[in-house]
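To start, the structure under review is shown below, and the notes come after it.
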Amino acid sequence: MVKKVAVLTSGGDAPGMNACVRAVVRSGLKNGLDMYVVYEGYLGLVQDNIVQVDRNFVSDIINRGGTILKSARLPEFKDEAVRKIAVDNLKRHGIDGLICIGGDGTFIGAKKLTEMGVRTVGIPGTIDNDVACSDETIGFDTCLNTICDCVDKIRDTTASHQRCTFIEVMGNRCGDLGLYSGIAEGVEMIITADHPIPEEEIMKTLIRLRDGKKKHSLVIVSEKTFPDLQAFVKKVQQETGIETRAQVLGHIQRGGAPSARDRILATQFGVSAIEALLQGESGICIGIVNNKIVHYDIYEALALPRNKHFNLLRIVGLVNR
Ligand code: ATP
């Protein structure tokens with residue numbers, strides 16, 4: 001049975017990661033475990049940036065955005081010799097369990113540590129919602145609300161000047177942020193990698209809208225859907241004669257206090273990760289499916305298809321345009 005457990009955050013930061021760290025630490029201590037944190041993700045494991053903590057360490061962080069443990073990307077972690085340094089550092093502290101909060105890449109790193117003798121559990125923490133084994137990831141709900149807040153504001157000026165605005169949202173090739181925010185904002189068009197719209201149709205739709213009663217339009221675009229959004233909106237303006245702007249929301253989407261929903265999800269995941277380690281599970285990740293907390297082998301989880309938003313895709317054509 002595990003006795004000493006560490007937690008780290010890795011990959012892109014997401015609101016709610018702190019709430020999850022808090023739940024892991026508090027739940028571990030309640031179960032009689034010694035609890036540790038690792039700073040800067042896998043980089044901190046390799047650099048032995050590992051500290052034992054008490055319950056006060058995680059006081060007053062449930063409402064804070066970002067990650068107090070910092071995050072990092074360490075491509076060299078793919079190299080077994082680099083991971084061996086991390087495993088040796090954990091051994092020196094007597095740490096036998098590791099909880100890794102992050103996305104798919106973080107999960108692969110965790111699984112590879114499991115294969116080298118460390119008990120690991122992955123928790124999905126990323127605004128992108130691109131982890132197939134979970135209906136939702138920590139940070140997605142907060143990010144979605146931030147996007148809606150931004151689009152509300154952009155709507156005011158777009159309507160006042162009777163323009164068309166293309167708003168690029170994050171998602172790292174996953175269309176969920178675009179799809180969900182587009183529906184929540186009732187925009188004219190949603191363009192994601194899973195839901196592309198041919199250029200000709202985009203132009204025709206905008207002209208039809210301009211010729212109707214509503215003189216302005218909002219279009220949500222997922223990042224990496226257009227190679228160069230600024231160049232594309234120029235083309236739209238030239239071909240349609242409609243004044244068209246591009247707004248890239250950028251990192252504002254990642255920050256801010258986590259929503260109540262993300263705090264609760266993060267807490268559920270954190271508690272469940274400790275339970276999994278206590279029950280002898282390892283090399284797994286946690287998810288929530290149909291409102292139930294589930295555990296998957298990490299490799300099985302990574303092989304799952306991402307089809308959780310199928311029902312929403314079905315309604316897009318009916319409510320937009
Ligand atoms: P996000 O979705 O926010 O980008 P992520 O966890 O997918 O989060 P990555 O940068 O892909 O972010 O992965 C985080 C870290 O996990 C990497 O910097 C690297 O240290 C480790 N990692 C990723 N892929 C592997 C791999 N194949 N083998 C070992 N470690 C890996």
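Just one of the numbered conditions (1) more than 16 Å from residue 263 (Cα to Cα); (2) in contact (Cβ under 8 Å) with a residue 40 or more places away in the chain; (3) of a type outside the set (A, V, I, L, M, F, W, C) is not true of residue 39: (2).
Within region 251-267, the set of residues being more than 20 Å from residue 105 (Cβ to Cβ) and touching a residue at least 40 places away in the same chain (Cβ under 8 Å) comprises 252, 255, 256, 257, 258, 259, 261, 262, 263, 265, 267. Go through the residues of region 71-79 one by one and say whether even a single one is surrounded by fewer than 19 Cβ atoms within 10 Å (Cβ to Cβ), more than 15 Å from the ligand (Cβ to nearest atom) and either more than 24 Å from the chain's Cα centre (by Cα) or modelled with pLDDT of 95 or more (or both). For region 71-79, residues surrounded by fewer than 19 Cβ atoms within 10 Å (Cβ to Cβ), more than 15 Å from the ligand (Cβ to nearest atom) and either more than 24 Å from the chain's Cα centre (by Cα) or modelled with pLDDT of 95 or more (or both): absent. Only one of the numbered conditions (1) among the aliphatic types (A, V, I, L, M); (2) within 25 Å of the chain's Cα centre (by Cα); (3) within 15 Å of residue 9 (Cβ to Cβ) is not met by residue 46, and that is (3).
So, residue 66, is that one part of a loop (DSSP other than H, G, I, E, B) and either in contact with a helix residue (DSSP H, G or I) (Cβ under 6 Å, 6 or more places away or on another chain) or under 15 Å from residue 138 (Cα atoms) (or both) or not? Yes, satisfied. The set of residues in region 101-124 that are more than 8 Å from the ligand (Cβ to nearest atom) and in a strand (DSSP E or B) comprises 101, 119, 120, 121, 122, 123, 124. Counting only helices (runs of 4 or more DSSP H) that sit wholly inside region 136-222, those with at least 1 residues that are at pLDDT 95 or above, closer than 28 Å to residue 269 by Cβ and away from the ligand (no atom under 16 Å from the Cβ) are 140-160, 176-185. Look at (1) out of contact with any helix residue (DSSP H, G or I) (no Cβ under 9 Å at 6 or more places or on another chain); (2) over 13 Å from residue 164 (Cβ atoms); (3) not assigned by TED's automatic domain parsing to the domain that holds residue 104 and you find that residue 208 fails only one, number (2). Of all residues in region 33-55, one or more are away from the ligand (no atom under 16 Å from the Cβ), assigned to a helix (DSSP H, G or I) and surrounded by fewer than 24 Cβ atoms within 10 Å (Cβ to Cβ).
Considering region 69-84 alone, what residues qualify as being touching a helix residue (DSSP H, G or I) at 6+ places or on another chain (Cβ under 9 Å) and either assigned to a loop (DSSP other than H, G, I, E, B) or at positive phi (or both)? 69, 70, 71, 72, 73, 74 - these are the residues of region 69-84 that are touching a helix residue (DSSP H, G or I) at 6+ places or on another chain (Cβ under 9 Å) and either assigned to a loop (DSSP other than H, G, I, E, B) or at positive phi (or both).
Against the definition (charged (D, E, K, R) and over 17 Å from residue 220 (Cα atoms)), how does residue 135 come out, yes or no? Answer is yes for this residue. Here region 6-32 is the region considered, the condition is being over 24 Å from the mean Cα position of the chain (by Cα) and either of a type in the set (A, V, I, L, M, F, W, C) or outside any loop (DSSP other than H, G, I, E, B) (or both), and the residue that is farthest from the ligand (Cβ to nearest atom) is 30.
For region 89-100, the set of residues classified as in a helix (DSSP H, G or I) and surrounded by 12 or more Cβ atoms within 10 Å (Cβ to Cβ) consists of 89, 90, 91, 93, listed by residue number. Do the conditions hold for residue 132, that is, is it at pLDDT below 95, within 16 Å of the ligand (Cβ to nearest atom), touching a Pro at 6+ places or on another chain (Cβ under 9 Å) and in a loop (DSSP other than H, G, I, E, B)? It is true that residue 132 is at pLDDT below 95, within 16 Å of the ligand (Cβ to nearest atom), touching a Pro at 6+ places or on another chain (Cβ under 9 Å) and in a loop (DSSP other than H, G, I, E, B).
Of the candidates 216, 161, the single residue that is crowded, with 17+ Cβ neighbours inside 10 Å, touching a residue at least 24 places away in the same chain (Cβ under 8 Å) and over 28 Å from the mean Cα position of the chain (by Cα) is 216.
The values are calculated or read from the model by the stated rules, or taken from the named source; none is laboratory data. The structure presented is a predicted model; accordingly, all values stated were derived computationally and were not measured. Cβ: placed from backbone, ideal geometry, glycine included. Neighbour counts: every protein chain shown.
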